[in-house]
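Undergrad: Following this message is one structure expressed as structure tokens.
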Amino acid sequence: MSPNTWVIEMPNQKTRSHPFPRRISPYRASSVNRDAFTREPPSGPSRNYDHPVFEDIRTILSVLKASGLMPIYEQVSNYEVGPPNKTNEFYSFFVRGVVHALTIFNIYSLFTPNSAQLFYSYRETDNVNQWIELLLCILTYTLTVFVCARNTKSMIRIMNEILELDEEIRRQFGANLKQDFGFSVKFLVGIAASQTYIIVLKIYAVQGVITSTSYILLAFYAIQNGLTATYIVFASALLRIVYIRFHFINQLLNGYTYGQQQKRKGNGGGRRQRGSSYPNPNPSPSPAIMEHFPEDSLFIYRMHNKLLRIYKGINDCCNLILVSFLGYSFYTVTTNCYNLFVQITAKGMVSPNILQWCLAWLCLHVSLLALLSRSCGLTTREANATSQILSRVYAKCREYQNIIDKFLTKSIKQEVQFTAYGFFAIDNSTLFKIFSAVTTYLVILIQFKQLEDSKGEDPVPEST
């Protein structure tokens, strides 16, 4: 074996896709970011282990399973999950029934005087904003529960497709993709802390003895906000999983691009023109570099199509939830920014309770919007980068060029973007667009407030 080649051994004989260890070009191997995945240990006895994809987000999955938003699936094997059994299915159904019963009770309470003590304000019209915000929270969580119950089978299918994809990568390259989902635990802690702090502020602001109805409203209000935010973090984690796999195949393709090969062949590695001290700008393709391109390209195209299907499946499962959540977040951010402005410009004493309340809500919703926008933007960019990398592949052979042309022709017809039920795309610019809209509405609200204040200050003319 040449010293310029290295071998990836498969974990066991049953999972090998080739009868012999696969020789991988050193040029090709160096293009892959080895920090992005870890290799399996040498061949040995098989062992059972939890798959790292869902092991890394087990905390957030446990919360969603306990709340009925995720099915309590059965672990069939290392790379397959099955539908929930009858007991787990009944538990999820029971939890959803309790949620819907509490939702009906809370909506009824909003239309009765029992919840009047929860609405406090130094301006009479601001109570309407708080009432609408609470109603939007209830409706957003109720819609989340309905959508999750309807998409139980779809979510299990998405998880199985991710596991199947990872199994193919392990068989082809003997690698497990490395995950990094520490942000999910941090967000869970932040969500729990912010909701607890907000409810404490609300209790201290209530005048008189708090009724049992108000306690139920406050408790369910915190649970609804927390679980809705948790599902947004879960959707972002799923998108991050897809992003890592898109990045992996793009790293494989980078080994065949013009830039990578020129870097390897430069400094004396490529053919030089006679009488010139610079390498030939158009060197011939090295057989060692292009040796595995047909085989790898077929695997990459198949993997890319599966990732696009997973990407679209996640979008279909979350689009209604995203529309509702983005509308609720937009309204919450707008009203809290307006309340902050009113507090800062008020002539009387500034209320520390309202300031802390507004800042807590702004920190929570802005961080969730930033996480969702970044996850969608990264995944969409990486999905669209595959065709751009292929267009730079150094392949003058007619056979290889035909393979690339077929993929590029297909990718031109595919519009890869993550949308909120088709109304608008969610990417890195979404947060900027939301704050632009919030600023516009703030200007309108401030102008109405100034008009209202000016009318209140004008003296009423006496009748003669």
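The values are calculated or read from the model by the stated rules, or taken from the named source; none is laboratory data. For clarity, every value in this text was computed on a predicted model and none was experimentally measured. Using ideal geometry, Cβ is built from the backbone for each residue, glycine included, and neighbour counts are taken over all protein chains shown. Heavy atoms of the whole protein, side chains included, go into the accessibility calculation; ligands, DNA and RNA do not. Shrake-Rupley method; radii C 1.70, N 1.55, O 1.52, S 1.80 Å.
Undergrad: Over the stretch 165-217, give the accessible area per residue in Å² for a 1.4 Å probe, as an integer.
TA: 48
Undergrad: I would also like to ask the following. Simple spin-label model, 7 Å along Cα-to-Cβ: T87 to R381 in nm?
TA: Computed distance between label sites T87 and R381 equals 4.7 nm.
Undergrad: Packing-wise, with mean Cβ within 10 Å as the measure, how do 419-427, 366-374 rank, highest first?
TA: Sorting 419-427, 366-374 by mean packing, highest first, produces 366-374, 419-427.
Undergrad: Going down the table (K202/K449; K65/K186; K65/K312; K65/K410), which pairs top 27 Å between alpha carbons?
TA: Too far apart for the 27 Å limit: K65/K410.
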